[in-house]
Amino acid sequence: MASGYRPTGLRPTGEQFEFWQLWDAPGPERVHAAFRGQLDDMLRQSVQAARCCTAAGDIPAGLRARVNAGLSRLYLGDGPGASAELAGALATAREQAARWEEGYACYALGTLHRTAGECRLALTRFATAERLFRACGDARACGHVRLALAVAASGTGDTGVREHLLAAVDAFRAAGERSGALIALWMLSALDVGREPAGVGRARTGGGSLQGPEPAGSRLSAGRPEREPDRPAASLQALTRREREVAWLVASGMTNRQIAERMNIAERTVDTHVQRILAKSNCATRVQVAVLVAAGYG
């Protein structure tokens, strides 16, 4: 396989699939508010990095930074600005034959279309992104695109949601990406208990204008079926506010170390929170906690 881009550790010029999933995941508005400063920082740093990298002749890094800037604008509510930024990045990537970066731009444009309710356009963009990532030999990126395809397919009534999620699990396992596989597994579990996977509510909302995504707290709130009679008595009701925030990040697929970095606390403290969450929620695994969060059993 052809060699593909791998994360560099420089956030503005690296791929940030998990960061963008954080903004797509279901969760209380107070959690999104707590991390909004990081989104502002991402935009500022990405714009600066794009300029510096382009001036230095590092076209691929500059393109990744432009994509990150575009997605930052999207989640900050600037749909038109995001559209212009991402379209420009895609055009440049094609001119420069930067295949991985072209795939990243297609992934971002698919996200933009999906949040605008244009799910069929999103499916086309995501499919192109997966083809490009596969050509670069990047199984991890393919897994993230398959997750996006599952959500977009749900918004069109497509019956291939499960197929996309299973493909995502396979891709993440091939890449050794445990957290990504967990995300796909709990989305599959949500389907198995008759729930829409996280993000589906957003995929079905919006008109034709690119005005940015709806507030995350408004999703998965209506039309919930009754709890199954044979379902274990599991609930997040007994959790403290801090434990609920940790549970939400667990459901986003983060490891304890990633949660510690995100919340600026010690990893040992996160370990303690997770153990208490498992005990209080009557869950045996992190996947079960994620399913509770996804299904809205809070």
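Would you mind getting the accessible area per residue of segment 34-151, heavy atoms of the protein chains only, 1.4 Å probe, in Å²? Can you show the working numbers first?
Working: 4220 Å² over 118 residues.
Each residue of segment 34-151 exposes 36 Å² on average to a 1.4 Å probe.
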Measuring from a point 7 Å past the Cα of residue 163 along Cα-to-C-beta, which residues in segment 105-137 have an amide N at less than 12 Å? none
Simple label model, 7 Å out from Cα along Cβ direction - residue 156 to residue 174, nm: 2.2
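Between residue 95 and residue 271, 0.36 nm times their residue separation minus their Cα-Cα distance comes to what? Intermediate results must be reported in sequence, preceding the final value.
Details: separation 176, 0.36 × 176 = 63.36 nm, distance 4.72 nm.
Working it through step by step, the gained length comes to 58.6 nm.
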Put a dot 7 Å past each Cα toward the Cβ at residue 237 and residue 48; how far apart are the dots in nm? 4.8
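The values are calculated or read from the model by the stated rules, or taken from the named source; none is laboratory data. Computed from a predicted structure; not experimentally measured. When we count neighbours, we look across all protein chains shown, and the Cβ atoms used for this are built from the backbone with ideal geometry, even at glycine. Side chains included, ligands, DNA and RNA excluded: accessible areas come from the protein's heavy atoms. Shrake-Rupley method; radii C 1.70, N 1.55, O 1.52, S 1.80 Å.
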